[in-house]
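The values are calculated or read from the model by the stated rules, or taken from the named source; none is laboratory data. Computed from a predicted structure; not experimentally measured. We place every Cβ from the backbone using ideal geometry, glycine too, and count neighbours over all the protein chains shown.
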Amino acid sequence: MTATPARARARFTDVFEFHWERLDLPIGVAGALLVMAPLALGYALGLSPVGRILAPLGALNLLFAAAPRPQGTSPVAMGVAVGSTAAAFGVGGLVAGLADPLEIALVGVIVTVVLLVARHPEWAGVGFVTAIMFVIATGLPPVDAVDAGLRAVAVFGGALFAYAGWMALHRVLPPLRAPGAPGPAPARAPIPLATALPHATVVGVTVAAGLAVGLALGFQRDYWIMLTILVALRAGLSSTASFAAARVAGTIVGASLAFGLTLFTSDLAILVPVLAVSAALTLASRAVNNTFYSVWVTLFIIGLVNLLYSGGPGFAVVRILDTLVGGGLAVGVALLLAATGRERLLVTPT
């Protein structure tokens with residue numbers, strides 16, 4: 001019996017289900033200012049291209065560690081994220097220069113350990129963005145210890161700037177609450193190690209496999225494969241397939257927009273406003289729909305990295321291929337675990 005369109009849509013809520021009432025434009029605009037200010041300052045001060053793009057990247061990822069409104073995340077956890085994301089980026093640059101087998105093994109181990117360390121619900125966002133910054137750095141060209149340190153400093157500066165702005169928003173923007181909802185949610189206990197370890201291990205091993213596939217295929221800057229796996233591999237086969245489909249669909253649209261943009265212009269007067277708009281919509285739409293969100297984060301990342309590496313339209317095409325590979329690996333692992341009766345290993349600690 002074939003699934004009806006309604007049932008198919010229900011299984012892929014990440015693709016089809018939109019919650020426009022959750023579009024948070026105030027936090028999007030405020031967050032975009034915190035992300036774009038380090039970029040503008042870098043140009044004004046004549047910083048190196050690396051410093052110019054890594055500072056806003058650090059700022060954006062710091063804001064990803066926060067809940068949709070500042071009051072939802074601990075200031076202490078956010079402060080730790082400033083240092084952990086910078087350190088992860090520096091370490092990732094060094095790991096990228098190792099022999100392929102050692103690099104692949106270390107990526108799997110480090111991602112697993114990071115996710116385990118952050119198994120307290122309050123620290124889950126910190127662990128996630130730390131893992132993201134690590135895999136991004138491993139997918140970029142390798143550097144020596146000095147340059148890895150400089151990269152980490154640039155990320156730290158951007159993240160610290162965003163943290164200061166986030167603390168200001170904490171005082172200005174009221175929390176978002178459902179009608180009749182009580183005050184802050186009660187504190188939750190740390191996830192037991194026996195529950196967190198299987199999921200962290202599955203994610204870490206799959207991310208390492210994604211890196212191995214990217215290296216085997218000769219993809220350049222294959223961090224997007226690992227990023228796709230990190231965000232797509234979720235609790236159960238249905239959730240993984242739904243999120244992977246949303247990520248693929250959004251990436252195709254966002255990369256197509258980036259393709260057209262970089263094909264016809266390299267003018268900063270055009271690129272920078274597009275980056276600002278995409279950053280605002282990225283941060284404003286996280287709770288709206290994963291496809292819509294993926295469009296804007298893809299456009300922002302491709303546009304930002306193009307300021308440094310000048311990948312042009314071809315860079316957008318590679319991002320689509322990376323997403324297909326990463327999404328395919330995530331769904332493949334979920335299928336394998338479901339077929340062998342081990343789907344419980346995908347249970348995401350919450």
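Here are the numbers:
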| quantity | calculated |
| --- | --- |
| Any chance residue 88 is buried (at least 23 other Cβ atoms within 10 Å of the Cβ) and in contact (Cβ under 8 Å) with a residue 24 or more places away in the chain | yes |
| Matching residues in the range 118-135 - criterion: being surrounded by fewer than 23 Cβ atoms within 10 Å (Cβ to Cβ) and in contact with a Gly (Cβ under 8 Å, 6 or more places away or on another chain) | 119 |
| Enumeration of residues in the range 218-234 that are surrounded by 24 or more Cβ atoms within 10 Å (Cβ to Cβ) and not in a helix (DSSP H, G or I) | 222, 233 |
| Residue in the range 102-111 that is over 14 Å from residue 203 (Cα atoms) and out of contact with any Lys or Arg (no Cβ under 8 Å at 6 or more places or on another chain) present | yes |
| Number of the exception - residue 307 against (1) modelled with pLDDT of 80 or more; (2) outside any loop (DSSP other than H, G, I, E, B) | (1) |
| Helices (runs of 4 or more DSSP H) enclosed by the range 23-111 - at least 2 residues per element that are charged (D, E, K, R) | none |
| Options 254, 250, 260: the member that is over 18 Å from the mean Cα position of the chain (by Cα) and not polar (S, T, N, Q) | 260 |
| Yes/no for residue 130 being at pLDDT 75 or above, among the hydroxyl-bearing types (Ser, Thr, Tyr) and either under 25 Å from residue 41 (Cα atoms) or not in a helix (DSSP H, G or I) (or both) | yes |
| Test: residue 261 is closer than 24 Å to residue 61 by Cβ, in a helix (DSSP H, G or I) and touching a residue at least 12 places away in the same chain (Cβ under 8 Å) | yes |
| Residue within the range 268-283 that is surrounded by fewer than 24 Cβ atoms within 10 Å (Cβ to Cβ) and on the phi > 0 side of the Ramachandran plot present | no |
| Residue 195 being modelled with pLDDT of 85 or more and either over 16 Å from the mean Cα position of the chain (by Cα) or part of a helix (DSSP H, G or I) (or both) | no |
| Subset of the range 75-95 [β-branched (Val, Ile, Thr) and under 20 Å from residue 164 (Cα atoms)] | 76, 80, 82, 85 |
| Boolean, residue 278 is modelled with pLDDT of 90 or more, of a type in the set (Gly, Ala, Ser), within 26 Å of residue 13 (Cβ to Cβ) and in contact with a Lys or Arg (Cβ under 8 Å, 6 or more places away or on another chain) | no |
| Checking residue 105 against (1) in contact with a Ser or Thr (Cβ under 9 Å, 6 or more places away or on another chain); (2) surrounded by fewer than 20 Cβ atoms within 10 Å (Cβ to Cβ); (3) at pLDDT 90 or above, the condition it does not meet | (1) |
